[in-house]
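Read through the structure below, which is laid out as structure tokens, and then see the notes.
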Amino acid sequence: MNQHRLEALAEKICGKALQIVITTHHKPDGDAIGSSLGLYNALIQLGHQVQVITPNDYGAFLHWMPGDETVIEFESSPEKALPYIESADLIFCLDFNDLKRVNELGEYIKQSKAGKVLIDHHLDPPGFEDYSYHDTSASSTCELVYRFLHSIDLSELINHQVAACLYTGIMTDTGSFKFPATTPLVHRIVADLMERGANHTRIHQMVFDQMGENVLRFLGHCFTQKLKVLPQYKTAYFTVSAAELDQFALKTGDTEGLVNYALNLEGIRFAALIIDRTKLVKMSFRSKGNIPANEFSRTWFEGGGHFNAAGGQSSSSLEQTEARFLKALAEFAPKILTAES
Ligand code: 5GP
Ligand code: MN
């Protein structure tokens, strides 16, 4: 954001009490909820009326963050959410830059007269917003919320509640501080968040060590029965049917992270998870090094995302989607096989 616009926004935020809506992408992950509730816990300290609205529900492992009980899920309660959007002075759009990523909520956001502030680290250039705090090299939107609060001189709002939320999103979006975007600055930010009261052990436990027995058994099933390894493409992937989701009684968020296990394999550089979500087949792609997972997703599966972590979809059956995936992979293979490690 240029300095002039940032100052105008800062003046607004530091001025009279505002009605503020914070929203994020559908199927929110740790970074989406962490950045939304991190910003929420900061802005309420200024006396604003702040409402977080998510397009739909999210995993139980994210429901512990401070302020979570105030969140409205649009899909299940549109009548509660819409009045906030209609009367908002400012709408913060976090961790996405394409209104399609918020489903039906997108149209209401577009039509709202509120000033729209985008804070995001995804690649495709944004366009609908009035203010943009956007950096594709940032590890996470949580990192950007931290930097945004500093850049408008409001870092004193980062109390232990804000710190816990922002730590969570940085941790989940960096694969626990492993992915290439984990810069020295990220570690400095995380150190500051710990000094401000983020309890890293508790956060790791809340996010990673609260798995239901059914989920662990589902993972076992995937590892033993569903993993397919294609050494000729340095690729491994899983398919999951609607019947399996049912059999293991999986809920939103329970399949998160599964795709990453395929990348744990020696010699594997590209991984996919193909899930039959009944209405659509949803796909996750992960890559190592300079293999563009987002390009793969964009080219064949109407998707996009980050360079090494992307997602897409297909309206064909699970079997047809898998066949298309294999065809796409054969074309894409040179990019995997010539990639540097
Ligand atoms: P996941 O595999 O965890 O669902 O998504 C990984 C990343 O890919 C997300 O952070 C998001 O940026 C992107 N992504 C997932 N699904 C889609 C999609 O359908 N369209 C686009 N454009 N991006 C997606
Ligand atoms: Mn993110």
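Scan the stretch 61-78 for residues that are more than 23 Å from Gly197 (Cα to Cα) and open to solvent by 40 Å² or more (accessible area, probe 1.4 Å) and the total you get is 4. Within the span defined as the stretch 228-239, every residue fails to be among the β-branched types (Val, Ile, Thr), in contact with a Phe, Trp or Tyr (Cβ under 8 Å, 6 or more places away or on another chain) and either assigned to a helix (DSSP H, G or I) or farther than 27 Å from Ala310 by Cβ (or both).
The residue that is nearest to the chain's Cα centre (by Cα), among those in the stretch 185-227 that are in contact (Cβ under 8 Å) with a residue 60 or more places away in the chain and part of a helix (DSSP H, G or I), is Val207.
Residue check: His204 meets all listed conditions (1) in the same structural domain as Asp29 (by TED's automatic domain parsing); (2) within 16 Å of ligand 2 (Cβ to nearest atom) but one, namely (2). Inspection of the stretch 168-184 finds a residue satisfying the criterion of being outside any loop (DSSP other than H, G, I, E, B) and free of Cβ contacts under 8 Å to residues at least 24 places away in the same chain. Being buried (at least 18 other Cβ atoms within 10 Å of the Cβ), over 24 Å from Asn294 (Cβ atoms), more than 19 Å from the chain's Cα centre (by Cα) and not charged (D, E, K, R): is that true of Ala163 here? Here the answer is no, as Ala163 does not meet what is asked. Only one of (1) more than 23 Å from the chain's Cα centre (by Cα); (2) at negative phi fails for Asp153. Which number is that? So the condition that Asp153 fails would be (2). Taking first residues from the stretch 310-328 that are free of Cβ contacts under 8 Å to residues at least 24 places away in the same chain and partners that are within 15 Å of ligand 1 (Cβ to nearest atom) and in a strand (DSSP E or B), the Cβ contacts under 8 Å between residues at least 6 apart in sequence or on separate chains come to Gln320/Ser314.
For the stretch 266-289, does any single residue satisfy the condition of being near ligand 1 (Cβ under 10 Å from one of its atoms) and acidic (Asp, Glu)? No, because not a single residue in the stretch 266-289 is near ligand 1 (Cβ under 10 Å from one of its atoms) and acidic (Asp, Glu). The number of residues in the stretch 185-243 being surrounded by 18 or more Cβ atoms within 10 Å (Cβ to Cβ) and acidic (Asp, Glu) comes to 0. Total residues in the stretch 132-154 satisfying the condition of being closer than 22 Å to Gly175 by Cβ, open to solvent by less than 40 Å² (accessible area, probe 1.4 Å) and among the hydroxyl-bearing types (Ser, Thr, Tyr): the figure is 4. Selection of the stretch 166-187 for residues being under 13 Å from Asp29 (Cα atoms) and aliphatic (A, V, I, L, M) yields Leu166, Ile170, Met171.
Let's see how each residue does on (1) open to solvent by 40 Å² or more (accessible area, probe 1.4 Å); (2) more than 22 Å from Val207 (Cβ to Cβ); (3) modelled with pLDDT of 95 or more; (4) within 22 Å of the chain's Cα centre (by Cα):
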| residue | (1), (2), (3), (4) |
| --- | --- |
| Glu7 | yes, yes, no, no |
| Ile44 | yes, yes, yes, no |
| Lys80 | yes, yes, yes, no |
| Asn97 | no, yes, no, yes |
| Val102 | no, yes, no, yes |
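The values are calculated or read from the model by the stated rules, or taken from the named source; none is laboratory data. All figures in this text were calculated on a predicted structure; none of them were measured in a lab. For neighbour counting, all protein chains shown are included, and Cβ atoms are generated from backbone atoms with ideal geometry for every residue, glycine included. Accessible surface areas use protein heavy atoms only, side chains included; no ligands, DNA or RNA. Shrake-Rupley method; radii C 1.70, N 1.55, O 1.52, S 1.80 Å.
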